[in-house]
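The values are calculated or read from the model by the stated rules, or taken from the named source; none is laboratory data. The structure presented is a predicted model; accordingly, all values stated were derived computationally and were not measured. Note that each Cβ is placed from the backbone with ideal geometry, even for glycine, and that neighbours are counted across all protein chains shown. Areas reflect the complete protein model, heavy atoms only, side chains present, ligands, DNA and RNA absent. Shrake-Rupley method; radii C 1.70, N 1.55, O 1.52, S 1.80 Å.
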Amino acid sequence: MREHNLGLVLRRVADAPAPVSRADIALVTGLTRATVSSLVDALLEGGLLVELEPRSGPQGGRPAAGLVLSDRGPAGLGLEVNVDYVAACVRDLRGAVRHRAVRRGDLRGRRPAQALRALLREAHAALDAAGNQGLVVAGATVAVPGVVDAADGVLRTAPNLRWRDVDVRDLLRRDARLAALDLTVGNEANLAAVGELDARPEGPDGFVLVSGEIGVGAGIVVGGRPFRGGRGWSGEIGHVPVEPDGARCSCGARGCLETVAGQEALLRSAGLDVPASSSLGGEGSVRLLVDAAQADDPRALAALTAAGRAIGLAASAAVNLLDVQAVILGGIYAPLAPWLTGPVGDELTERVVTSAWAPVDVLVSRAGTDAAVLGGARTVLDGVLADPASWLRRAGVA
Ligand SMILES: [Zn+2]
């Protein structure tokens, strides 16, 4: 019962737009003042809450101390290993980003242990940065560009990294500092959807976030909650067919969305081919495409229109099935949105059967390229907020 009530009190403070008093918590939760005070004291001692200096009200009444989430207590660590970069981010309990780093480098063809060493360097730098700011990292979530078995943290397949059945969690736990943390592994697009949801408190509460990278993934949010599917394998929009007899995809099938709208397919059809082994991948080459489109280069514009139509085609199937209000363009599609939004919207208008009554919004990602690490850190923090008693036990507070 006490464990449940600790969560109730902490959630009340987390959800309030302004500092809350103990009396307010008692009123809202129906708990006695004495119970609330005892719970609040434990949360203060465990570093989950801080009490602001009492301030007199405008009528000069008895001042009440305001409680807010601590910005010096537990923190969430979001990590990401992707095809051409690794990234890390630390967020405090209030959600503020306290550290972020992205390191570019093509990881294709690298053995998992070798690629994960690059991630470990960023993880250590993030843990150091958290420690230097008086934060204690409560756990880490690792985003990977592939299909992850949520139950055991095994990456089943990441076609663009050419990894199969890689126990990412086990490999990272061989590092003593990461072994000390609660570590989970998730699909990058699913975690990006969590980051995007967090960046849009006003909604929409249902969307498909389509993220363009070397591969193309989707994070699905339905009714304000991420929809991960039965095994956490949902969102593989990059392998929805848009040209059934088209080019061979990294997954083995033909004409997947990735073969038209993946980063390299897009650059190639724009005449901006970058060799696969080049470290010029990622943002640098996307900037070339933005420059070409701004200069009205006909090949670049045609490639973007074709990619936009293919994204709209695949997304319309998702919207017809899931009844979500918006399609959000993320990853490399965010800087390319001025040229993609039109063709994506045209396809949605034509193909989503209900669009005459409720047009589907085409939005640009707010969380941007950091969405997956932001969402990963958020996932850790949500765990602490949902079960503060576990954190207090670890912190030695009874
Ligand atoms: Zn495919």
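Here the dipole of the chain is about 1020 debye; that uses its Cα centre as origin and unit charges on the Cβ of Lys and Arg (positive) and Asp and Glu (negative). Which of the listed residues, G331, L301, G345, is farthest toward the dipole's positive end in region 256-398, when Lys, Arg count +1 and Asp, Glu count -1 at the beta-carbon? Among G331, L301, G345, the one farthest towards the positive end of the dipole of region 256-398 is G331.
The accessible surface of region 106-180, taken with every protein chain in place and a 1.4 Å probe, is 45 percent carbon and sulfur. Just check region 345-389 against the gyration tensor rule for me: Cα atoms, a ≥ b ≥ c as the square roots of the eigenvalues, rounded for a/c under 1.5, and otherwise prolate or oblate depending on whether a/b exceeds b/c. Because a/c hits 1.5 or more and a/b exceeds b/c, region 345-389 counts as prolate. Residue-wise HN-Hα couplings along region 149-161, as the Karplus relation 6.51 cos²θ - 1.76 cosθ + 1.60 with θ = phi - 60° gives them from phi, are 7, 4, 5, 10, x, 8, 7, 6, 8, 10, x, 6, 8 Hz; Gly and Pro carry x. How far is helix 298-322 tilted off the main Cα axis of the chain, in degrees rounded to 10, range 0 to 90? Tilt relative to the chain: about 50 degrees. For Q325, the residues whose modelled amide H falls within less than 5 Å of its own, excluding neighbours fewer than 5 places apart on the same chain, are G206, F207. First check a/c for region 62-220, with a ≥ b ≥ c the square roots of the eigenvalues of its C-alpha gyration tensor; if it is under 1.5, answer rounded, and if not, answer prolate when a/b is larger than b/c or oblate otherwise. Oblate shape, in that a/c is at least 1.5 and b/c is the bigger or equal ratio. Packing, taken as the mean count of other beta carbons within 10 Å per residue, orders the peptides 311-318, 4-11 from highest to lowest as 311-318, 4-11.
The three principal axes of the C-alpha atoms in the chain carry coordinate ranges of 70, 53, 39 Å, sorted with the longest axis first. Magnitude of the charge dipole for region 103-205, about its Cα centre and with charges confined to Cβ atoms of Lys, Arg (+1) and Asp, Glu (-1), is about 700 debye.
Sorting E3, E213, E196 on solvent-accessible area from highest to lowest, probe radius 1.4 Å, gives E3, E213, E196. Comparing G232, A113, S285 along the charge dipole axis of the chain, the residue lying farthest to the positive side is A113, per the Cβ-charge model.
DSSP assigns beta bridges within the chain; of those with both partners inside it, close to 60 percent run antiparallel. Put simply, the amide H of G331, placed in the peptide plane, has neighbours under 5 Å in G212, leaving out anything fewer than 5 places away on its chain. Annotation: the antiparallel percentage among DSSP beta bridges lying fully within region 105-193 is about 55. In the context of the full set of protein chains, residues of region 276-398 present 45 Å² of accessible surface per residue (probe radius 1.4 Å, heavy atoms only).
Residues whose amide H comes within less than 5 Å of that of S70, counting only those at least five positions distant or on another chain, are L49, V50 (H built at 1.01 Å from N in the peptide plane). Karplus-based coupling profile of region 9-22, in residue order and whole Hz: 5, 5, 5, 4, 5, 5, 7, 6, x, 9, x, 10, 8, 4, with θ = phi - 60° in 6.51 cos²θ - 1.76 cosθ + 1.60 and x standing for Gly or Pro. By how many degrees, 0 to 90 and rounded to 10, does the Cα axis of helix 283-294 deviate from the longest principal axis of the chain? That works out to roughly 60 degrees. Against the main long axis of the alpha-carbon atoms of the chain, helix 33-45 sits at an angle near 60°.
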